């Protein structure tokens, strides 16, 4: 999605009406909308919200009620319900992000249960982003996430059938590549915010013609890591 409006950094569910109105205005201009969210929302507003969102990246913060209760003051079950809803009852493109915190949600057992649930309940084509934790603010008693943890999480995801597993919050070109699930060719190569390689033809692998799950432009674009100035009058 090259041209898009993105709701992020603050949970969009807390400015629901503004996000919906903004999404409608974006659509009038031909822009797609992306919600970056924790997925913690009641069913009634959820239905209205996702009727206007073209894509969503939902933080699946962990896979235990204990983590959600002690670190988030919330519950896991409503988030899982939202994920099922987005995947099966809307046309919104869905991706997941899990921030791996050493000693909190990065065990082999939890990663196996999380990725197994994703494949069983959402399907193998939902991308999973495993991102590195950096100690800050109120959680400074834990070390940064080692790169090896991200690689281990991706390996567990692949073993359970996840086709698109990525590493984030680190400089890792290998962890940012999109691989064809049929032939293994790198169809999109990324380095940070830059797209380095593009081997897609009409949304399919250029090597074997297998369809790649996602929403793609005909060309990758060249925006990269540049910033766009905004003037406030």
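Annotations
- Relative contact order, whole percent, for the chain stands at 13, derived from Cα pairs under 8 Å and 6 or more residues apart.
- Simple spin-label estimate for residue 25 and residue 139 gives 3.3 nm between the two label positions (7 Å along the Cα-to-Cβ direction from each Cα).
- Here the spin labels are modelled as points 7 Å beyond Cα on the Cα-Cβ line, and at residue 209 and residue 89 they lie 3.9 nm apart.
- Shown here are the Rg and Dmax of the Cα trace of the chain, at 17.9, 53 Å.
- Comparing segment 83-212 with the 2.2 N^0.38 Å rule of thumb, its C-alpha radius of gyration ratio is 1.11 (two decimals).
- Here 158, 93 are placed in order of increasing Cβ neighbour count within 10 Å, fewest first, which gives 158, 93.
- Residues considered: 178, 222, 115. Largest GNM mean-square fluctuation over the chain, using C-alpha springs under 10 Å, is found at 222.
- Of every Cα-Cα pair in segment 160-233, the percent that sits beyond 21 Å: 33
- As a calculated quantity, the FRET efficiency between residue 125 and residue 69 at R0 = 30 Å, using C-beta atoms, amounts to about 0.45.
- Fewest-first ranking of 199, 73, 107, using other Cβ atoms within 10 Å as the exposure measure: 73, 107, 199
- Mean projected area of the convex hull spanned by the Cα atoms of segment 4-107, taken over all viewing directions: 6.6 nm².
- Ranked list, fewest to most other Cβ atoms within 10 Å of each Cβ, for 18, 9, 50: 9, 18, 50
- If a spin label sat at a point 7 angstrom from the Cα of residue 225 along the line to its beta carbon, the backbone N atoms of segment 161-187 nearer than 13 Å would be those of 169-173.
Since every read-out is calculated from the coordinates, none of them should be taken as a lab result. All of these numbers come straight from a predicted model, not from anything done at the bench. When we count neighbours, we look across all protein chains shown, and the Cβ atoms used for this are built from the backbone with ideal geometry, even at glycine.
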